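Shown next, in structure tokens, is the structure this report addresses.
The values are calculated or read from the model by the stated rules, or taken from the named source; none is laboratory data. This structure is a prediction, so every number in the text was calculated from the model and none was measured. Ideal geometry is used to build each Cβ from the backbone, glycine not excepted, and the neighbour counts take in all protein chains shown.
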Amino acid sequence: MNNAVAEEKTAPSTEAGVNVKPSHRQPGGVDLTPQDRRTVGTVTVDNAIMSARDVNVYYGDKHAIKSVNLDIARNQVIAMIGPSGCGKSTFLRCLNRMNDTIESARMTGVITMDGSDIYDRRQDVVQLRARVGMVFQKPNPFPKSIYENVAYGPRIHGLASDRAELDDIVQTSLLRAGLWEEVKDRLTNSGTSLSGGQQQRLCIARTIAVNPEVILMDEPCSALDPIATARIEDLIDELRASYAICIVTHSMQQAARVSQRTAYFHLGDLIEVGETDRIFTNPRHKLTEDYITGRFG
Amino acid sequence: MSEITEGHTVKGYDVDLAGLRLGLLEMGGLVLDQVQRAVNALASGDEALARSVLTREEEVNAYDVRIDEDSITLIARRQPMGSDLRAIISIARAVSDLERIGDEAKKIAHAVVRGDGKRSTRPSPQLARDARHMARFALEMLRDGLDAFDRMDATAAVEVVRRDLELNAEFQAALRRLLTQVMEDPRRLPAMLDAVAVLKSLERVGDHAKNIARYVLYLVEGRDVRHEDTAVLIAEGARKSAQS
């Protein structure tokens, strides 16, 4: 965990793609062949909720994601792992068009959700982000009450017709996020008065409140202590029954604990994808092996 | 194996894994010598040599305990994954086979010096010959199995698995010879029972060597072949070496 936190502090600019290495060079300086860069494993699933096909992302002239194909399955946690700058966060952010907010970012390829193109001109981005919610590395509650933090989304999306219904959504969301018991007597307190782990669960409650189908999590535990991390991981496992979850993490142990499927990214290429059980015991690609065993520069 | 113990960003990890590897090889050397000594003691009737085998059994057990502890500590501290995880699990399994080979050496030594300290009957020249022959065969398998482990050589490992079939055939042949002797002279029956136990021990040494060879396949290919048919493994091995 310490490693992950330390790395993350120096890495955000890389993760946003600003500092992506230009070529297919490994840190050791060895060029990757096209064969090395071909994805090992099955990128498709039977019960896909989202599908990415031939997705490329550029930040200016930096090629941050290179022809990635990947399905996201319903009711499953998929972990995206890889060294800093490998494109895992960039790919995650494509799934709810968060990269739209970055001026220099350009994307090609197709990402569909339930068969329809999320980059279609007619797609309402606010609506998309309700269906594909996101939880960030640093808990970012609004500077409002705990109640308002959760009620905000349902209110702007018109999900509740009266106060009683809104109360109900807030309570259900906090219950599902495992936070209700801790906050039920102080719903009017500020969201920022909670501990880091509680704030992160509040953010998860806020995401759940608008009835998403997919939840994206970008390093959701890297600012949390091990106990708070364990609670979030337990929560992720419960949420899997209702949502598809994509988690980006620097902690391979966390990926191994929470996910059923793992995708390994390396310098913008999706190198290997497969069942988590197999990836962490018997990866097929040398780069995956080097990364998970800690032999990577 | 050196490939497996090297190259980690955290150098202490390399050191820990190298320690496990070294422990396995040292323990392997020790049990090889234990079996050799026990068989020599049997053939020559050297009681002192047999007693030294019994005394050194404690060293074998100490290795078993130490490597097990080191493996557990390494798993707890480093959370190994991929080939590292497979190496540690394979080493831990191989060590428990080595420990049981040590037990077989002890049993053979006990055929020379009984548990009550009394001397046992001198083996027939035929048994001495058979025991020496089977020991040479089984120890070669063990040496090659450990070597295949260290070099992560799947082809050599399959060869060890194959040779176990030959050792089993040797064992059956030796049993038939013993049986013929008893039929000629039924008074030899008690001595024959002791002899069967000795030969069976050596046959077990081969089985353990074969197990170690099978762990090599898990280590290299990530495939658990402990319960796979020997004939299938050999056919696969032949196919692969033909391809390469």
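Looking at the structure I just gave you, is A:Glu219 farther than 30 Å from B:Leu219 by Cβ, in contact with a helix residue (DSSP H, G or I) (Cβ under 8 Å, 6 or more places away or on another chain), more than 14 Å from chain B (Cβ to nearest Cβ) and crowded, with 23+ Cβ neighbours inside 10 Å? Here the answer is yes, as A:Glu219 does meet what is asked.
Reported count of residues in the range B:1-56, each being surrounded by fewer than 17 Cβ atoms within 10 Å (Cβ to Cβ) and over 22 Å from the mean Cα position of the chain (by Cα), is 13.
Note on the range B:1-43: among residues that are more than 14 Å from chain A (Cβ to nearest Cβ) and among the charged types (D, E, K, R), the one that is nearest to B:Ile101 (Cα to Cα) is B:Asp33. Of all residues in the range B:171-187, those that are of a type in the set (A, V, I, L, M, F, W, C) have Cβ atoms under 9 Å from Cβ atoms of residues that are not in a helix (DSSP H, G or I), 6 or more apart or on another chain, in B:Leu178/B:Ser124.
Exactly one residue out of B:Ser241, B:Ser201 is surrounded by 13 or more Cβ atoms within 10 Å (Cβ to Cβ) and among the hydroxyl-bearing types (Ser, Thr, Tyr): that is B:Ser201. Selection of first residues in the range B:55-83 that are more than 14 Å from chain A (Cβ to nearest Cβ) and of second residues that are polar (S, T, N, Q) and surrounded by 16 or more Cβ atoms within 10 Å (Cβ to Cβ), restricted to Cβ pairs under 8 Å at least 6 apart or on distinct chains, gives the following pairs, ordered by first then second residue: B:Arg56/B:Gln34; B:Glu57/B:Gln34; B:Val60/B:Gln34.
Could you pull out every one of the helices (runs of 4 or more DSSP H) wholly within the range A:65-177 that has 3 or more residues that are under 30 Å from A:Ile292 (Cβ atoms), of a type in the set (A, V, I, L, M, F, W, C) and under 21 Å from the mean Cα position of the chain (by Cα)? If you could, list the steps in order and put the result at the bottom.
Details: elements: A:88-94, A:125-131, A:146-156, A:163-176.
Counting at least 3 such residues, we get A:88-94.
Checking each residue in the range A:265-282 for being without any contact (Cβ under 8 Å) to a residue 24 or more places away in the chain and either facing another protein chain (nearest Cβ under 8 Å) or part of a loop (DSSP other than H, G, I, E, B) (or both) picks out A:Thr281, A:Asn282. Residue selection: A:Arg106 fails the criterion of being of a type in the set (D, E, K, R) and either closer than 30 Å to A:Met252 by Cβ or crowded, with 23+ Cβ neighbours inside 10 Å (or both).
Say whether the condition of being polar (S, T, N, Q), modelled with pLDDT under 95 and more than 20 Å from B:Val53 (Cβ to Cβ) is met by at least one residue in the range B:109-123. Quick ask: steps written out before the conclusion?
Residues of the range B:109-123 that are polar (S, T, N, Q), as a first pass: B:120-121.
Now narrow it down to the ones that are modelled with pLDDT under 95: B:120-121.
Those still in the list that are more than 20 Å from B:Val53 (Cβ to Cβ) too: none.
No.
Going by the conditions given, is B:Ile88 within 14 Å of chain A (Cβ to nearest Cβ) and either at pLDDT 95 or above or under 21 Å from B:Leu199 (Cα atoms) (or both)? Walk me through it before giving the result.
Numbers: within 14 Å of chain A (Cβ to nearest Cβ): yes; either at pLDDT 95 or above or under 21 Å from B:Leu199 (Cα atoms) (or both): yes.
In short, yes.
Which members of the range A:283-297 meet the condition of being assigned to a loop (DSSP other than H, G, I, E, B), within 8 Å of chain B (Cβ to nearest Cβ) and either in contact with a His (Cβ under 8 Å, 6 or more places away or on another chain) or surrounded by fewer than 24 Cβ atoms within 10 Å (Cβ to Cβ) (or both)?
Within the range A:283-297, the first condition is being assigned to a loop (DSSP other than H, G, I, E, B), and the residues that meet it are A:283-285, A:293-297.
From what's left, within 8 Å of chain B (Cβ to nearest Cβ): A:283, A:293-297.
If the condition is that a residue be assigned to a loop (DSSP other than H, G, I, E, B), within 8 Å of chain B (Cβ to nearest Cβ) and either in contact with a His (Cβ under 8 Å, 6 or more places away or on another chain) or surrounded by fewer than 24 Cβ atoms within 10 Å (Cβ to Cβ) (or both), then A:Thr293, A:Gly294, A:Arg295, A:Phe296, A:Gly297 are the ones that fit.
Looking only at the range A:210-225, decide whether some residue is out of contact with any Asp or Glu (no Cβ under 7 Å at 6 or more places or on another chain) and part of a helix (DSSP H, G or I). No - not one qualifying residue is present in the range A:210-225. Does the range A:241-249 include one or more residues that are farther than 16 Å from B:Gly82 by Cβ, more than 14 Å from chain B (Cβ to nearest Cβ), in a loop (DSSP other than H, G, I, E, B) and among the small types (Gly, Ala, Ser)? Yes - at least one qualifying residue is present in the range A:241-249.
Say whether the condition of being of a type in the set (Phe, Trp, Tyr), surrounded by 21 or more Cβ atoms within 10 Å (Cβ to Cβ), under 17 Å from the mean Cα position of the chain (by Cα) and away from every other protein chain (no Cβ under 14 Å) is met by at least one residue in the range A:257-264. Scanning the range A:257-264, I find no residue that is of a type in the set (Phe, Trp, Tyr), surrounded by 21 or more Cβ atoms within 10 Å (Cβ to Cβ), under 17 Å from the mean Cα position of the chain (by Cα) and away from every other protein chain (no Cβ under 14 Å), so the answer is no.
Can you find a residue in the range B:187-196 that is touching a helix residue (DSSP H, G or I) at 6+ places or on another chain (Cβ under 9 Å), at pLDDT 85 or above and buried (at least 21 other Cβ atoms within 10 Å of the Cβ)? Scanning the range B:187-196 turns up at least one residue that is touching a helix residue (DSSP H, G or I) at 6+ places or on another chain (Cβ under 9 Å), at pLDDT 85 or above and buried (at least 21 other Cβ atoms within 10 Å of the Cβ).
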